[in-house]
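Note sheet for the following structure.
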Amino acid sequence: MSSFVFGNPTNKQVIILLGAPGAGKGTQAQVLKEITCYPHISTGDLFRENLKNNTPIGQKAKSYMDKGALVPDEIVFEMLFDRLNRQDCAKGYILDGFPRSKDQAKVLDEALKGKADIIVLDIEVPDQVIINRLVHRVTCEKCQTPYHTILMPPKVSGICDKCGGKLIQRKDDTEEVIKNRLEVYHTQTEPLIQYYKEQGKLVIIDGTLPKDKITENIVKSLRAG
Ligand code: AMP
């Protein structure tokens, strides 16, 4: 069993990463995946996979993703619960990019009622820092590892250090779409901070610290949780 058990050790453990796009949820999720052995479930990555494979879900999601708008809930739930029902999620998982609204959070609460312990890590980063990060972000096409072309560049330009995959700029990482995604975050997702605070599940993490320090703070919170 993982040494990062929180809550009741016999329950399923669900770690939710909250935070604006570019706050570092994906980066921390990858580290957390290594140390907890739970799968990293990113709804954004699942959608991008569907887009790449031109599935019906990908076709339905495309126009929303291009604008930086939220994909309608029924499409999100169909894709997400299909993934969460797989065997590797039986003991727990790390959610990144879901829930993104109170309605989504309520559906998740209902699905997990009495079956799981939830901890919510809200990674906080000011908007201006986010914009700067995202316009310089490139992501591995294969393993989704993100890089910052100035602050955290790969060893070889355009190539992922971890898997040798090609680094690409996401279509929605342009200044105009980023602004829309931030607006959507503030209006639809940010109210979740209060929602989870009232449930006593929220931990605030300073996302402006160096990556390793953020991980250290997250691990401390999980141990204390
Ligand atoms: P992300 O990689 O988390 O920034 O997500 C990229 C895009 O996928 C978002 O801008 C949305 O269009 C869509 N998306 C991801 N997760 C969700 C969600 N939980 N609800 C609705 N749309 C989502």
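Taking the criterion of being modelled with pLDDT of 95 or more, more than 20 Å from ARG83 (Cα to Cα), away from the ligand (no atom under 13 Å from the Cβ) and buried (at least 17 other Cβ atoms within 10 Å of the Cβ), would at least one residue in region 143-151 satisfy it? Looking through region 143-151, none of the residues is modelled with pLDDT of 95 or more, more than 20 Å from ARG83 (Cα to Cα), away from the ligand (no atom under 13 Å from the Cβ) and buried (at least 17 other Cβ atoms within 10 Å of the Cβ).
Conditions tested, residue by residue: (1) in contact with a Lys or Arg (Cβ under 8 Å, 6 or more places away or on another chain); (2) away from the ligand (no atom under 15 Å from the Cβ); (3) not polar (S, T, N, Q).
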{"position": "ARG181", "(1), (2), (3)": "no, no, yes"}
{"position": "THR189", "(1), (2), (3)": "yes, no, no"}
{"position": "GLY200", "(1), (2), (3)": "no, yes, yes"}
{"position": "ASP206", "(1), (2), (3)": "no, yes, yes"}
{"position": "PRO210", "(1), (2), (3)": "no, yes, yes"}
{"position": "ILE214", "(1), (2), (3)": "no, yes, yes"}
{"position": "LYS220", "(1), (2), (3)": "no, yes, yes"}
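Filtered by the rule that a residue be closer than 13 Å to GLY44 by Cβ and not aliphatic (A, V, I, L, M), region 131-147 gives ARG137, THR139, GLN144, PRO146.
Of all residues being of a type in the set (Ser, Thr, Tyr) and more than 10 Å from the ligand (Cβ to nearest atom) in region 1-56, which is farthest from TYR93 (Cα to Cα)? Just the residue, please. It comes out as THR55.
Of everything in region 44-67, what is among the polar types (S, T, N, Q) and out of contact with any helix residue (DSSP H, G or I) (no Cβ under 6 Å at 6 or more places or on another chain)? Give them in sequence order.
ASN53, ASN54, THR55, GLN59, SER63
Of all residues in region 69-84, those that are surrounded by fewer than 15 Cβ atoms within 10 Å (Cβ to Cβ) have Cβ atoms under 8 Å from Cβ atoms of residues that are in a helix (DSSP H, G or I) and small (Gly, Ala, Ser), 6 or more apart or on another chain, in PHE81/ALA111. Being touching a residue at least 12 places away in the same chain (Cβ under 8 Å) and either in a loop (DSSP other than H, G, I, E, B) or surrounded by 14 or more Cβ atoms within 10 Å (Cβ to Cβ) (or both): is that true of VAL203 here? Against the criterion (touching a residue at least 12 places away in the same chain (Cβ under 8 Å) and either in a loop (DSSP other than H, G, I, E, B) or surrounded by 14 or more Cβ atoms within 10 Å (Cβ to Cβ) (or both)), VAL203 qualifies.
Among all positions in region 49-64, there is no residue which is out of contact with any Gly (no Cβ under 7 Å at 6 or more places or on another chain), touching a residue at least 24 places away in the same chain (Cβ under 8 Å) and outside any loop (DSSP other than H, G, I, E, B). Mind checking whether some residue in region 70-80 is in contact with a Gly (Cβ under 8 Å, 6 or more places away or on another chain) and farther than 15 Å from THR189 by Cα? The answer is no, given that none of the residues of region 70-80 is in contact with a Gly (Cβ under 8 Å, 6 or more places away or on another chain) and farther than 15 Å from THR189 by Cα. Could you please let me know if ASN54 is among the polar types (S, T, N, Q), at positive phi and surrounded by fewer than 15 Cβ atoms within 10 Å (Cβ to Cβ)? Here the answer is yes, as ASN54 does meet what is asked. Under the condition of being more than 21 Å from the chain's Cα centre (by Cα) and in a strand (DSSP E or B), the residues counted in region 151-165 number 1.
With respect to (1) within 29 Å of LYS52 (Cβ to Cβ); (2) in contact (Cβ under 8 Å) with a residue 40 or more places away in the chain; (3) within 16 Å of the ligand (Cβ to nearest atom); (4) surrounded by fewer than 20 Cβ atoms within 10 Å (Cβ to Cβ), the lone exception for ALA90 is condition (3).
Just one residue in the set LEU182, LEU209, LEU121 is part of a helix (DSSP H, G or I), at pLDDT 90 or above, aliphatic (A, V, I, L, M) and in contact with a helix residue (DSSP H, G or I) (Cβ under 8 Å, 6 or more places away or on another chain); that residue is LEU182.
The values are calculated or read from the model by the stated rules, or taken from the named source; none is laboratory data. This is a predicted model, so every value here is computed, not measured. Don't worry about glycine lacking a Cβ; one is built from the backbone with ideal geometry, like all the others, and counts go over all protein chains shown.
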